[in-house]
Amino acid sequence: MEKVIGIDLGTTNSCVAIFESKGPVVIPNRGGYQTTPSIVAFAENGKRLVGHIAKRQAVTNAANTLFGVKRLIGRRFSSPEVSRTVDLAPYTVEEGSEGDCRLRAGGRSFTVQEVSAFILMEMKKIAEDYLGEEVVKAVITVPAYFNDAQRTATKQAGQVAGLDVIRIINEPTAAALAYGYDREGARHLVVFDLGGGTFDVSVLSISEDVFEVVSTSGDTFLGGQDFDSRVIDYLAESFQAQHGINLREDKVALQRLREAAENAKCELSFKRTVEVTLPFIATKDGQPIHLQQSLSRARFEELVGDLVERCVEICGATLENAGMNPAEIDEIVLVGGQTRTPLVQEKVEEFFGRPLSKGINPDEVVALGAAVQGQALVDENMEMLLLDVTPLSLGIATVGGAVSTLIPKNSTIPTQKSHSFTTVHDNQSAVKIVVLQGESERASENQLLGEFLLSGIRPARKGVPDIAVTFAIDADGIVSVTARDRDTGKEQSITVAMSGGLSDQDLERMISERDSYEIAQREEESLQELVYKVETLHQRVLDLLPAAEAMITGEQLHEIMDALSGAKAAMNSRDVGDLRACFERLDEAAHSLSAVEGL
Amino acid sequence: MSRTTPFDPPASASSEAEDLSATDDEIAIEVDDEAEEDEEFVQGVLTGSNDDAIDLKTDQRMAIDLAFDGIDEKSFYEILLLPRTAEPKSIKRSYYRLSKEYHPDKFYRKNLGPYKAKLEVIFNKITEAYRILSDPDARADYDELVFGKEEEQEKAASVTQASTTVTFVPEAEKKRQAAEAVKRAAREEKLKKRSRPVFMQKFGKQLAQRIAKAKAAMKAGKEAAEAENWEEAAAQYQRAMTLDPRNPKAKTAYKRASANHRNAKAENFYRQAQEVMLAEDTKRAAELYQKAVDCKPTKGKYYYEFGKLVLEHTLQQKTALELLRKAVEFEPRNVDYNLELGRVYGDLGMTSRAQSVYERVLKLDKKNSQASKALKRLK
């Protein structure tokens, strides 16, 4: 059976897991950490850095350090969510040719898919180092409330990373799988998932190895980073009041502030009060000034209280959608680092009136669940079945800017629905369908999923053609559209094209760039090895020389000195051909020297 | 009317489709008509033929065909294999069990040929049935519609209403709708004429066929079991199990038969091993013992004989030790196995282990002279 890894591609941290004989386990990275920061940076020498190494240099290289890109994936540059990120980010976000977001770093522009792919490649490598074999198949998690564009973009990121994404699975659902896959008994479970960037809540009904998601909801722009922002604002504003300097305008200062705010928030989970100290944060009249501010838990709770309230509100609405009341819930699972905040736990407990389930690390549970789902797909002996739902209603725009819902939210996937379309002009050869995702009755207030063009309609009088269009949502939550001319019954007679998003050419370009990057990476590694070998040999010849010097001819000595200086030059120029030649000359020299010495 | 017609050809439409608010005037009209859609879809699916490249076993194909055939004619209760009086709990249980059989994930990345579309239809249908029947209001409406009293007028009214609410209906669609209305009326007439017992008969007939097949398989299984042909018995019980997954008897019988089959196979290997030992073909005997152990990894006897063979005919004392340990692990009260294990421990110089093994033997059999002698020697 082929191995499948589960990857939790998080806003702030990512985690990879695999199903072993005893169950799912998290694979630690080379540094021994269970999770890896979702950060990609480009060093001055153009080198790409991912994970902890990228995080460590974030302060000194803020403009070329990309983080939190999950908040941008699958979003249009013009959307309000993107502008909010752009305002806070120390790196540059630009508009791409398709209205998508592009990130500028290391003197280049990247699609969000590419940057996500860099993180996925790192996770893939972590798994491969651990398993000692190549891994291709993966299950990647996304927030339950992700729409079609965000899911598609995530899947594309997987493709760019060289992964065969066998399933996109919702994060809260994955958490439920990790909690329940090996336990018996029927029960109702709520997953409250407050991660770095997104909030999701799902209600599940579990029995006989079937995990049925009853309802799901969330906010793709509510998470730990918003908690951080509140702390950043608080610290920056009190600093401004004190010194008249706005730290948020200085990229380096903002980055330091961001780190300090995150640390303070984390510490307040177990401390009553913290001291935030940032020496030399700014200068005024040529004098350095320091930031020194204490933050109490009560004050922090005041700053973020409305965010927590909003989570609990969404939680209540989701339960209502499921037709349940809090008392019917048997188990509450908290997922995501932000749920460590005592206020969050307190409010959730208060809402449900029962203690929370603890046991699995909230940072790892999602990746573990993804590994469980991966195994369930490839292992026929696994009884488990997941019945997930689509989080958003799928509809089409109709006359007057209204929406006609085709597939309501919380419908079990995979699912499909057919509708009839016709023409309004004689001999009209194409029809456009505007597909939307969202809950608003107004077309303009929903997410535009795509404009599908039905073309190749055979010539006929208006109103005569009868085209059956099937809208399907697959198990990944991704929408596809197929059309069929009902009169001729030909599936191929109508073509469906979707606008927006990445084109196949874009995708191919990114994949081929990844290939060439990997080749370059391998070349770089073998070059480094060669340099190292030449360096070692160079040193060895130097060591041998004094003792043997008296016993060799002047010509030989000249030859050896020549080889040594040649090697020095080759190590500087890093030319593969020169290095190889020098290696041989040095090797010969070392041999003759040790032979002489042996006499 | 200043507004342009509902949809312009895209050549002109695309330029004005800059944002959603501009899409008002270029919308295609949909006509909601699910039943017809599905029926046509089903027709298309039915034309699919058998294909040997399909990764499905015969019984899997049968199960899919059985669920799929005439699915549009079935009531939601028939689809979920439930009586009309079913409790919410059993509706859920039935849906979960059927999902485990028919969810496309259960056939992940298999070549399904025409069965792929069939599975999609089945899963769609059972999900719809579950959604309606698990919602008390929707279920009541459904019951009234399908099984309720005469409501001809009300229904005719709802048909006309449906067509007036649609702003624009294609010619072909109008014709089709009219035909459909006639068809639907006829179908509802038919449904209404059926009294409940008839409905139950039809429901029973579908199921009875399946159950009859399952019963035949159970019988064949039993006969095979009586003749101690465990392989055949296991195969038959498995068939019965697939045909009638809600029969716990088939499952236990299958488990028993396949266990017996394995035991018989293991015992057979063991006997063969002993025979070839008589011919002093130790290599072949070792292979056969290995097979016996693989077949039934919980039987001490196989490990014991295998271990003794390794001990006497090879220099691999460690392997022999492992095997004898296994023998004692599964049958700790067997004196012979323990004595042999003790001897090997002694030979390998693992005195304290040997001692505790011999002490165990003395606990089992106080007067065992071999053990007491060995103990004395060790001390």
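What follows draws every value from the coordinates through simple rules; no lab data is involved. These figures come from a predicted structure and were not determined experimentally. With ideal geometry, Cβ positions are generated from the backbone for all residues, glycine too; neighbour counts draw on all protein chains shown.
Under the classification rounded if a/c is under 1.5, otherwise prolate if a/b is larger than b/c and oblate if not, where does the protein assembly as shown fall, given a ≥ b ≥ c as square roots of the Cα gyration tensor eigenvalues?
Taking the square roots of the gyration eigenvalues as a ≥ b ≥ c, the protein assembly as shown is oblate.
About its Cα centre, chain A has a charge dipole of approximately 1340 debye under the convention of +1 per Lys or Arg Cβ and -1 per Asp or Glu Cβ, with nothing else charged. Each peptide in B:222-232, A:326-336, A:382-392 was scored by the mean count of other Cβ atoms within 10 Å over its residues; highest first, the order is A:382-392, A:326-336, B:222-232. Based on C-alpha pairs under 8 angstrom that are at least 6 apart in sequence, chain A has a relative contact order of 13 percent. Per residue of B:96-105, other chain Cβ atoms within 10 Å of the residue Cβ number 5 on average. Cross-link pairs exceeding 29 Å in C-alpha to C-alpha distance, out of A:K22/B:K219; B:K106/B:K291; A:K358/B:K255; B:K57/B:K249, comprise A:K22/B:K219; B:K106/B:K291; A:K358/B:K255. A straight Cα-to-Cα reach below 19 Å connects A:K409 with the lysines A:K417, B:K125, residues fewer than 8 places away in its own chain not being considered.
Qualifying GluC sites (Glu not before Pro) in the stretch A:64-102, where qualification requires a DSSP coil assignment and no more than 14 other C-beta atoms within 10 Å, are lacking entirely.
Charge tally around B:G342: other residues with Cβ under 9 Å, Lys/Arg +1 each, Asp/Glu -1 each, net +2. Relative to the longest principal axis of the Cα atoms of chain A, the long axis of helix A:112-131 lies at roughly 60 degrees. For A:I140, what is the net charge nearby, where nearby means another residue's Cβ is under 9 Å from its Cβ and Lys, Arg count +1, Asp, Glu -1? Neighbour charge sum, excluding A:I140 itself: +1. Here the stretch A:224-304 is assigned +1 on the Cβ of each Lys and Arg and -1 on the Cβ of each Asp and Glu. Its dipole about the Cα centre then comes out at about 160 debye. Suppose each label sits 7 Å from its Cα in the direction of the beta carbon; what would the A:E383-B:E312 distance come out to in nanometres? Roughly 4.6 nm, to one decimal. Once the chain from A:E584 to A:S97 is taken as fully extended at 0.36 nm per residue, the excess over their C-alpha distance is 170.1 nm.
Straight-line cross-link partners of A:K55 among the lysines, defined as a Cα under 21 Å from its Cα and at least 8 positions apart when in the same chain: A:K47, A:K70, A:K124, A:K125, A:K251, A:K265. Comparing B:V276, B:L311, B:T298 along the charge dipole axis of the stretch B:271-360, the residue lying farthest to the positive side is B:T298, per the Cβ-charge model.
Considering only A:N572, A:A89, A:V4, and ranking their Cα positions along the charge dipole of the protein assembly as shown that arises from unit charges at the beta-carbon of Lys, Arg, Asp and Glu, the one farthest toward the positive end is A:V4. Within 10 Å of the Cβ of each residue in A:396-403, the mean number of Cβ atoms contributed by other protein chains is 6. Here the peptides A:409-420, B:87-98, A:194-205 are ranked by packing, the mean other Cβ count within 10 Å, and the order with the highest first is A:194-205, A:409-420, B:87-98. Shielding value for A:424-432 is 6, the average number of Cβ atoms from other chains within 10 Å of each residue's Cβ.
Using only Cα atoms, find the angle between the long axis of helix A:342-352 and the longest principal axis of chain A, and express it within 0 to 90 degrees, rounded to the nearest 10. It works out to around 30 degrees.
Between 0 and 90 degrees, the angle of helix A:297-321 with respect to the longest Cα principal axis of chain A falls at about 50 degrees. For the protein assembly as shown, the share of DSSP beta bridges that are antiparallel, to the nearest 5, is 80%.
Can you sort A:Y130, A:Y517, A:Y234, A:Y181 so the residue with the fewest Cβ neighbours within 10 Å comes first? Please list the in-between numbers first.
On the way: A:Y130 17, A:Y517 13, A:Y234 20, A:Y181 24.
In order of increasing Cβ crowding within 10 Å: A:Y517, A:Y130, A:Y234, A:Y181.
Positive-end ranking of A:A63, A:V434, A:I332 along the dipole of chain A, with charges on Cβ about the Cα centre, is headed by A:V434.
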